[in-house]
1. Exactly one of (1) closer than 22 Å to Gly155 by Cα; (2) modelled with pLDDT under 95; (3) not aromatic (Phe, Trp, Tyr) is unmet by Ala12. Its number?
2. Is it the case that Met99 is farther than 30 Å from Lys139 by Cα and not in a loop (DSSP other than H, G, I, E, B)?
3. Can you name the residue in region 103-126 that is without any contact (Cβ under 8 Å) to a residue 40 or more places away in the chain and within 28 Å of Gly49 (Cβ to Cβ) and is also surrounded by the fewest Cβ atoms within 10 Å (Cβ to Cβ) among such residues?
4. Only one of Pro93, Pro59 is outside any strand (DSSP E or B) and surrounded by 15 or more Cβ atoms within 10 Å (Cβ to Cβ); which?
5. Among the residues in region 60-72, are any touching a residue at least 40 places away in the same chain (Cβ under 8 Å), in contact with a strand residue (DSSP E or B) (Cβ under 9 Å, 6 or more places away or on another chain), charged (D, E, K, R) and more than 23 Å from Ala123 (Cβ to Cβ)?
6. Within the bounds of region 126-149, is there any residue that is part of a loop (DSSP other than H, G, I, E, B) and among the hydrophobic types (A, V, I, L, M, F, W, C)?
7. Consider Ala28 against the criteria (1) loosely packed, with under 15 Cβ neighbours inside 10 Å; (2) among the small types (Gly, Ala, Ser); (3) in contact (Cβ under 8 Å) with a residue 40 or more places away in the chain: it satisfies all of them except one. Which criterion is unmet?
8. What number of residues within region 1-49 satisfy the criterion of being of a type outside the set (Phe, Trp, Tyr), closer than 29 Å to Trp170 by Cα and part of a helix (DSSP H, G or I)?
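The values are calculated or read from the model by the stated rules, or taken from the named source; none is laboratory data. Bear in mind the structure is a predicted one, so any value in this text is a computation, not a measurement. No Cβ is skipped: glycine too gets one built from the backbone with ideal geometry, and neighbour counts run over all protein chains shown.
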Amino acid sequence: MARFQLAEVEDAFRHFWYTGMIREDWNAWADLFTEDVVYEERVLGTMQGRETVRNWIVPLMEQYGEIYGVYDWHVADPSGRVVFRMINRRDHPSGEGAMDFPGVTIVQYAGNNRWSSEEDYWAEKLGIQQFQEYEAALKEHDPDHRNKRTRNDWGNGPDWTIGKASFWDWPDRQRP
(Lines give C-alpha, C1' and ligand atoms only; values in the text may rest on other atoms or scores of the structure.)
Protein backbone atom coordinates (compact mmCIF):
# COMPACT_ATOMS: atom_id res chain seq x y z
CA MET A 1 0.00 0.00 0.00
CA ALA A 2 1.35 3.41 -0.98
CA ARG A 3 2.20 5.89 1.74
CA PHE A 4 2.14 9.65 1.26
CA GLN A 5 2.98 12.63 3.36
CA LEU A 6 -0.30 13.64 4.98
CA ALA A 7 0.29 17.27 3.93
CA GLU A 8 0.41 16.15 0.28
CA VAL A 9 -2.89 14.27 0.61
CA GLU A 10 -4.52 17.25 2.35
CA ASP A 11 -3.26 19.69 -0.31
CA ALA A 12 -4.49 17.42 -3.11
CA PHE A 13 -7.88 17.11 -1.41
CA ARG A 14 -8.23 20.87 -1.07
CA HIS A 15 -7.41 21.23 -4.76
CA PHE A 16 -9.93 18.48 -5.59
CA TRP A 17 -12.60 20.25 -3.50
CA TYR A 18 -11.83 23.68 -4.93
CA THR A 19 -11.86 22.50 -8.56
CA GLY A 20 -15.18 20.65 -8.27
CA MET A 21 -17.26 22.02 -5.43
CA ILE A 22 -16.09 25.63 -5.37
CA ARG A 23 -14.95 26.44 -8.91
CA GLU A 24 -17.38 23.93 -10.48
CA ASP A 25 -14.98 23.32 -13.34
CA TRP A 26 -16.09 19.77 -14.00
CA ASN A 27 -13.75 19.23 -16.96
CA ALA A 28 -10.75 20.20 -14.83
CA TRP A 29 -12.15 18.13 -11.98
CA ALA A 30 -12.30 15.05 -14.22
CA ASP A 31 -8.64 15.68 -15.10
CA LEU A 32 -7.77 15.11 -11.42
CA PHE A 33 -8.48 11.39 -11.83
CA THR A 34 -6.10 8.78 -13.16
CA GLU A 35 -6.89 7.54 -16.67
CA ASP A 36 -8.03 4.20 -15.21
CA VAL A 37 -10.09 5.59 -12.31
CA VAL A 38 -12.87 3.42 -10.89
CA TYR A 39 -15.79 5.63 -9.87
CA GLU A 40 -18.51 3.88 -7.90
CA GLU A 41 -21.65 5.97 -7.76
CA ARG A 42 -23.71 3.76 -5.45
CA VAL A 43 -27.05 4.92 -6.82
CA LEU A 44 -26.22 5.36 -10.50
CA GLY A 45 -23.62 2.63 -11.08
CA THR A 46 -19.90 2.08 -11.58
CA MET A 47 -17.83 3.94 -14.16
CA GLN A 48 -14.32 3.12 -15.32
CA GLY A 49 -11.93 5.59 -16.85
CA ARG A 50 -11.44 9.33 -16.68
CA GLU A 51 -13.25 10.06 -19.95
CA THR A 52 -16.28 8.03 -18.83
CA VAL A 53 -16.41 10.09 -15.64
CA ARG A 54 -16.04 13.33 -17.62
CA ASN A 55 -18.77 12.34 -20.08
CA TRP A 56 -21.08 11.70 -17.12
CA ILE A 57 -20.29 14.58 -14.75
CA VAL A 58 -20.15 17.52 -17.19
CA PRO A 59 -23.69 17.16 -18.59
CA LEU A 60 -25.07 16.06 -15.21
CA MET A 61 -23.81 19.19 -13.46
CA GLU A 62 -25.07 21.32 -16.33
CA GLN A 63 -28.52 19.77 -16.01
CA TYR A 64 -28.58 20.20 -12.23
CA GLY A 65 -26.53 23.39 -12.03
CA GLU A 66 -28.60 24.72 -9.15
CA ILE A 67 -27.05 22.11 -6.81
CA TYR A 68 -23.84 22.93 -5.00
CA GLY A 69 -21.71 20.99 -2.56
CA VAL A 70 -21.34 22.27 1.00
CA TYR A 71 -18.43 20.91 3.03
CA ASP A 72 -19.23 19.26 6.36
CA TRP A 73 -16.06 17.35 7.36
CA HIS A 74 -13.27 15.15 6.07
CA VAL A 75 -10.57 12.80 7.34
CA ALA A 76 -7.39 11.84 5.51
CA ASP A 77 -4.57 9.43 6.23
CA PRO A 78 -1.13 8.66 4.80
CA SER A 79 -2.52 5.76 2.74
CA GLY A 80 -4.09 8.46 0.57
CA ARG A 81 -7.62 7.62 1.64
CA VAL A 82 -9.91 10.62 2.21
CA VAL A 83 -13.45 10.33 3.48
CA PHE A 84 -15.69 13.37 3.46
CA ARG A 85 -19.27 14.31 4.20
CA MET A 86 -20.97 17.02 2.22
CA ILE A 87 -24.39 18.51 1.86
CA ASN A 88 -25.96 18.62 -1.60
CA ARG A 89 -27.72 21.98 -1.46
CA ARG A 90 -30.20 23.93 -3.52
CA ASP A 91 -31.12 27.44 -2.42
CA HIS A 92 -34.87 27.73 -1.94
CA PRO A 93 -36.53 29.54 -4.89
CA SER A 94 -38.32 31.83 -2.42
CA GLY A 95 -34.94 33.32 -1.50
CA GLU A 96 -35.30 32.02 2.06
CA GLY A 97 -33.29 29.06 3.27
CA ALA A 98 -31.94 25.99 1.55
CA MET A 99 -32.95 22.47 0.63
CA ASP A 100 -30.42 19.76 1.50
CA PHE A 101 -29.59 16.09 1.33
CA PRO A 102 -26.36 14.53 2.65
CA GLY A 103 -23.69 12.42 1.01
CA VAL A 104 -20.47 10.67 2.01
CA THR A 105 -17.60 10.09 -0.41
CA ILE A 106 -14.41 8.04 -0.22
CA VAL A 107 -11.57 8.95 -2.56
CA GLN A 108 -8.17 7.31 -3.02
CA TYR A 109 -5.16 9.47 -3.74
CA ALA A 110 -2.72 8.07 -6.30
CA GLY A 111 0.01 10.73 -6.11
CA ASN A 112 0.87 13.62 -8.43
CA ASN A 113 -2.43 15.35 -7.61
CA ARG A 114 -4.46 12.47 -9.10
CA TRP A 115 -7.16 10.24 -7.63
CA SER A 116 -7.56 6.57 -8.59
CA SER A 117 -10.99 5.86 -7.15
CA GLU A 118 -14.12 7.48 -5.80
CA GLU A 119 -17.14 5.99 -4.05
CA ASP A 120 -20.23 8.16 -3.58
CA TYR A 121 -22.99 7.38 -1.12
CA TRP A 122 -25.90 9.77 -0.89
CA ALA A 123 -29.33 9.63 0.68
CA GLU A 124 -31.30 8.66 -2.42
CA LYS A 125 -34.73 8.95 -0.79
CA LEU A 126 -33.90 12.39 0.61
CA GLY A 127 -32.42 13.45 -2.74
CA ILE A 128 -35.61 12.51 -4.57
CA GLN A 129 -37.72 14.25 -1.94
CA GLN A 130 -35.57 17.39 -2.18
CA PHE A 131 -35.85 17.40 -5.97
CA GLN A 132 -39.65 17.11 -5.82
CA GLU A 133 -39.90 19.89 -3.23
CA TYR A 134 -37.57 22.07 -5.29
CA GLU A 135 -39.65 21.55 -8.43
CA ALA A 136 -42.81 22.54 -6.54
CA ALA A 137 -41.07 25.60 -5.07
CA LEU A 138 -39.92 26.66 -8.56
CA LYS A 139 -43.53 26.75 -9.72
CA GLU A 140 -44.67 28.63 -6.64
CA HIS A 141 -41.87 31.19 -6.26
CA ASP A 142 -39.47 31.60 -9.17
CA PRO A 143 -39.63 29.38 -12.28
CA ASP A 144 -36.25 30.77 -13.46
CA HIS A 145 -34.45 30.10 -10.16
CA ARG A 146 -32.58 27.07 -11.51
CA ASN A 147 -30.78 29.27 -14.07
CA LYS A 148 -29.65 31.75 -11.42
CA ARG A 149 -27.44 29.10 -9.82
CA THR A 150 -27.31 30.89 -6.48
CA ARG A 151 -24.99 29.70 -3.74
CA ASN A 152 -26.29 31.57 -0.69
CA ASP A 153 -25.16 29.30 2.14
CA TRP A 154 -21.75 27.64 2.03
CA GLY A 155 -22.07 26.48 5.63
CA ASN A 156 -19.51 26.92 8.39
CA GLY A 157 -16.53 25.09 6.92
CA PRO A 158 -12.98 26.41 6.67
CA ASP A 159 -12.30 29.35 4.34
CA TRP A 160 -11.12 27.03 1.55
CA THR A 161 -14.63 25.52 1.38
CA ILE A 162 -16.45 28.80 0.73
CA GLY A 163 -17.30 29.80 -2.83
CA LYS A 164 -18.99 32.72 -4.52
CA ALA A 165 -22.66 33.74 -4.16
CA SER A 166 -23.47 32.53 -7.66
CA PHE A 167 -22.00 30.16 -10.22
CA TRP A 168 -22.08 33.15 -12.60
CA ASP A 169 -19.84 35.30 -10.34
CA TRP A 170 -16.64 33.78 -11.74
CA PRO A 171 -15.04 36.15 -14.28
CA ASP A 172 -14.89 33.56 -17.09
CA ARG A 173 -18.59 32.65 -16.92
CA GLN A 174 -21.31 34.06 -19.13
CA ARG A 175 -24.98 33.41 -18.70
CA PRO A 176 -26.59 31.54 -21.57
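1. Condition (2) is where Ala12 drops out.
2. no
3. Applying the filter and picking the extreme gives Asn112.
4. Pro93
5. No, that holds for no residue.
6. Scanning region 126-149 turns up no residue that is part of a loop (DSSP other than H, G, I, E, B) and among the hydrophobic types (A, V, I, L, M, F, W, C).
7. Only one criterion in (1) loosely packed, with under 15 Cβ neighbours inside 10 Å; (2) among the small types (Gly, Ala, Ser); (3) in contact (Cβ under 8 Å) with a residue 40 or more places away in the chain is unmet by Ala28, namely (3).
8. Residues meeting the conditions: 15.
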